[in-house]
Amino acid sequence: MVKFHWLFLIVFLPYHGKAAKISPAKSRLSLQWKTFDCASNPLHVSRHKCIILDNDKSLITVEVDYLQAITQLNATFKLFLPRPPFKEFHKIIDLNVDVCQFSKGLYGHKFIGVIVKSLGKKASSQLKCPRPKGLYSYPNISIADNLPGFLPTTDFKVEISFLSPDCMLNTSLSGMLYDPAKTRGK
Ligand SMILES: *[C@@H]1O[C@H](CO)[C@@H](O)[C@H](O)[C@H]1NC(C)=O
Ligand SMILES: *[C@@H]1O[C@H](CO)[C@@H](O)[C@H](O)[C@H]1NC(C)=O
Ligand SMILES: *[C@@H]1O[C@H](CO)[C@@H](O)[C@H](O)[C@H]1NC(C)=O
């Protein structure tokens, strides 16, 4: 089932028509974030920061100050892609994963593996459970560096909700994958 999801993504992406031209294998796509919004539950999180870096829009930084220790943490990941002709966003991936398993290398899905790798070593080590309350910071997360090469250029949206077990933090991101060789700089 897990493999099927990924296969589905590989198979499905090339059929997005004009919005999804496959770029030559060698040119790595760049990622640019457009929006990043978070909403936290005041019972679990005293403050949070969700920002796209001003001087490099491929990077995001997340900071969360937990009011309670985390013993259990699940996340739901949803990926949306535009579908022609009207380019309205359709949900392509919808996953529920156990974040506490990440530190053991159990991601449950390749898509999640990409995201966890992007956090970097130090941040990944902060995903262990149980973990004490306090401020956790995940600076300069670079998803683009870890994306597989076959992806098409496209706009996309991601929604991630963290549950422990009730809702702690909702995040919603939008961005685009583009071919830097075909754009005139930033
Ligand atoms: C997060 O999203 C869920 C589902 O949309 C909603 O029920 C919940 O209230 C949201 N939580 C916060 C903290 O915004
Ligand atoms: C957390 O996610 C795992 C893996 O999908 C699932 O087996 C488990 O039931 C989930 N736990 C909760 C409380 O939702
Ligand atoms: C994050 O990236 C910015 C800009 O590239 C850099 O100035 C900053 O030092 C980096 N922060 C960390 C913690 O790596």
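The values are calculated or read from the model by the stated rules, or taken from the named source; none is laboratory data. Remember, predicted model here, so these are calculated numbers, not experimental data. Cβ sites come from the backbone with ideal geometry, for glycine too, and all protein chains shown count toward neighbours. Keep in mind that these areas ignore ligands, DNA and RNA; they rest on the heavy atoms of the full protein, side chains included. Shrake-Rupley method; radii C 1.70, N 1.55, O 1.52, S 1.80 Å.
What residue, among those in segment 155-186 that are away from ligand 2 (no atom under 16 Å from the Cβ) and modelled with pLDDT under 90, is least open to solvent (accessible area, probe 1.4 Å)?
Checking each candidate, the answer is Asp179.
Take segment 39-62 and flag every residue that is open to solvent by 40 Å² or more (accessible area, probe 1.4 Å), closer than 14 Å to Gly134 by Cβ and touching a residue at least 60 places away in the same chain (Cβ under 8 Å).
His48
Residues Ser46, Ser118, Ser58, Ser137: which one is away from ligand 2 (no atom under 16 Å from the Cβ), more than 14 Å from Met168 (Cβ to Cβ), among the hydroxyl-bearing types (Ser, Thr, Tyr) and more than 13 Å from the chain's Cα centre (by Cα)?
Going through Ser46, Ser118, Ser58, Ser137 in turn, the sole match is Ser137.
Residues that are within 16 Å of ligand 3 (Cβ to nearest atom): find the strands (runs of 3 or more DSSP E) completely inside segment 35-118 holding 3 or more of those.
It comes to 45-52, 60-66.
Checking Ser27 against (1) part of a loop (DSSP other than H, G, I, E, B); (2) among the polar types (S, T, N, Q); (3) modelled with pLDDT of 95 or more, which single condition isn't satisfied?
It is condition (3) that Ser27 fails.
Name, by its number, the condition in (1) away from ligand 2 (no atom under 16 Å from the Cβ); (2) more than 23 Å from Asp145 (Cα to Cα) that does not hold for Glu63.
It fails just one condition, (2).
Name every residue in segment 131-154 that is open to solvent by less than 70 Å² (accessible area, probe 1.4 Å), in a loop (DSSP other than H, G, I, E, B) and at pLDDT 85 or above, in order of residue number.
Within segment 131-154, Ser142, Ile143, Thr153 qualify.
Output the residues belonging to segment 115-125 that are open to solvent by less than 40 Å² (accessible area, probe 1.4 Å), modelled with pLDDT under 85 and of a type outside the set (A, V, I, L, M, F, W, C).
Gly120, Ser124
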